[in-house]
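Asker: The structure is given below, and queries will be raised subsequently.
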Amino acid sequence: MDRQDHDAYDDPEAPFIPTLATKPRPTKGIKFSPKTICAALAAISLLGIGFLLLHQPSSYIETQNPPSYFAAFNSQSYLQGPPTQRFRDNLRNDTKYITSWTSAGWTNDVMTYGNLIYLALITERIPIIAKFLSSHIDPSEPPFPFGEVFDVPRLSQAIGTPLLEWQEVKDSESQVLDDIGCWSVWESVERYKEDPRPLINYLNTDISWTRTPDWVKLTPPDEIDDHASFWSLATLGFPKARSDNLGLPNRPSPQHHVSLPPDDHLLCFDLLYFIGAQRPWEWESDYSPAWRFVGQHMRWNASIERLADTHARRAMNVPVGEPTPPYISVHIRHGDFRDQCHGLALDQCFASLPIIARRVSEVQEELRTQKGIEVTHVIMTSDELDPEWWSEVRALGWTWVDYVKERTEEIYGKWYPVFLDAIIQSNGAGFVGTRGSTMSNLALRRVQTWHDGPTRIVQWGWPGADNH
Ligand SMILES: *[C@@H]1O[C@H](CO)[C@@H](O)[C@H](O)[C@H]1NC(C)=O
Ligand SMILES: *[C@@H]1O[C@H](CO)[C@@H](O)[C@H](O)[C@H]1NC(C)=O
């Protein structure tokens, strides 16, 4: 695999926060306490509901009023009861579980959880999902619960298995450091044979790592690649492969210094980002099992999706009471991608806006001829900071969400611009993205699968890469 693919990993994908171009209004004296924010959010969501009931502005895609999914599985019946001080006290003795950690930026962590849940399906275990870590956004921002971005009951129903969140299992406030043995995939597939993938271990677990066998590697031993294979990892969730491999190198836990074999009740792996069934970087492939069996069913939590819709409507100046019009979403990642330009001038390396506009016209044309819809609205999402570039975007007649003007971070927190960008991208009638960006790839798959929308990926990296 080429470097570019590998560098797409650790992908912060920070949306445009134009601190250079516009100074945010001073907020001196206004300090929201968590209580005020909760009250404000409650008020907003009540208003939102009232608004929907009164006006019912139907969108061309049915995202505003998704059907309600009543918990097909009551997560409580897969645990002993409410969250406990030690996670183990809450596990049922007739149920097997699986978990893993994340640390790679939000989009990649979403893919990691997709992989974890797919591995749960093929091992017939119940996945326990931890909150998203804010390491790439702002480490001071608290972790964000999976179920507040994704619709867990709907996912659970679609995939036919219960799904637990860590905070349902172990009390988030618990001070107990739990001992556990886990498998380290990273140590056996990572090309430089480093330590287990360093984890930000806020779950209060003290982990003793056992190396996975070398045969978990997806590609031939002499090929430089970090991927492990789904089914080889799955075998470790069954008695034979597990017992055959207990003798592999083990590291005692860093705090209690205990050596533990990999847990079988709660099967755990250090990092499940680099996993494939047949080849590396599979989330980009049409057959990707993690996408087909899990990822496509990870629909948005309705509250946050409504908030994204509100933002998109304001960006497009949609009058109150009118339905949200179809739009084409665009994601252009620049930021750290410039490191891959290898000294080439950026205007030679990145696709220019006129080139991107060509791809947008193709998507418009396809929407017109194949679906009979005329889509004039274009919403840009990008981490580009240059105000001139944004004025060119404006000159094309396109728009974007101004998170500073919306005061999104102040009101909702630093996670939200990232979430809202992803949701807005995913609800485009068509989509244009950037090659090598996992955020673009996920948006592309969502638009294709959820809305049957046309998509394009813009090439870049050398002069004229996408001129066609
Ligand atoms: C499993 O748990 C149930 C209830 O918590 C208990 O009654 C039973 O004895 C346990 N079984 C085993 C094999 O430990
Ligand atoms: C969506 O998130 C909200 C919190 O923002 C939460 O109260 C609600 O239960 C979530 N919805 C579902 C279906 O899980």
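The values are calculated or read from the model by the stated rules, or taken from the named source; none is laboratory data. Keep in mind it's a predicted model, so treat the numbers as computed, not measured. Don't worry about glycine lacking a Cβ; one is built from the backbone with ideal geometry, like all the others, and counts go over all protein chains shown.
Asker: How about region 394-468: which helices (runs of 4 or more DSSP H) wholly inside it have at least 1 residues that are under 20 Å from the mean Cα position of the chain (by Cα) and more than 17 Å from I379 (Cβ to Cβ)?
Answerer: 408-412, 438-451
Asker: Within region 413-424, is there a residue that is out of contact with any Lys or Arg (no Cβ under 7 Å at 6 or more places or on another chain), buried (at least 16 other Cβ atoms within 10 Å of the Cβ), among the basic types (K, R) and under 30 Å from P280 (Cα atoms)?
Answerer: So far as region 413-424 goes, no, none of its residues is out of contact with any Lys or Arg (no Cβ under 7 Å at 6 or more places or on another chain), buried (at least 16 other Cβ atoms within 10 Å of the Cβ), among the basic types (K, R) and under 30 Å from P280 (Cα atoms).
Asker: Exactly one of (1) under 22 Å from W283 (Cβ atoms); (2) at pLDDT 95 or above; (3) crowded, with 22+ Cβ neighbours inside 10 Å is unmet by N301. Its number?
Answerer: For N301, the exception is condition (3).
Asker: Being under 29 Å from the mean Cα position of the chain (by Cα), surrounded by fewer than 17 Cβ atoms within 10 Å (Cβ to Cβ) and not β-branched (V, I, T) is the filter here, so list the residues in region 221-237 that pass it.
Answerer: Answer for region 221-237, where residues must be under 29 Å from the mean Cα position of the chain (by Cα), surrounded by fewer than 17 Cβ atoms within 10 Å (Cβ to Cβ) and not β-branched (V, I, T): E223, W231.
Asker: Filter region 105-133 down to residues that are within 16 Å of W166 (Cβ to Cβ) and of a type in the set (F, W, Y) and give me whichever is farthest from ligand 1 (Cβ to nearest atom).
Answerer: Among them, the one singled out is F132.
Asker: Please verify whether W186 is among the hydrophobic types (A, V, I, L, M, F, W, C) and either modelled with pLDDT of 95 or more or farther than 22 Å from F132 by Cα (or both), treating the condition exactly as stated.
Answerer: no
Asker: Out of curiosity, is T102 among the hydroxyl-bearing types (S, T, Y) and within 16 Å of ligand 1 (Cβ to nearest atom)?
Answerer: When the stated conditions are applied, T102 does not pass them.
Asker: Kindly provide the set of residues from region 140-192 that are within 13 Å of ligand 2 (Cβ to nearest atom) and acidic (D, E), ordered by number.
Answerer: E148, D151, E165, E168
Asker: Still on this structure, I have one more. So if I check each of I137, I98, I128, which one is in a loop (DSSP other than H, G, I, E, B) and more than 16 Å from ligand 2 (Cβ to nearest atom)?
Answerer: I137
Asker: Another one. What about A315, is it in contact with a strand residue (DSSP E or B) (Cβ under 7 Å, 6 or more places away or on another chain) and either of a type in the set (G, A, S) or closer than 22 Å to S382 by Cα (or both)?
Answerer: yes
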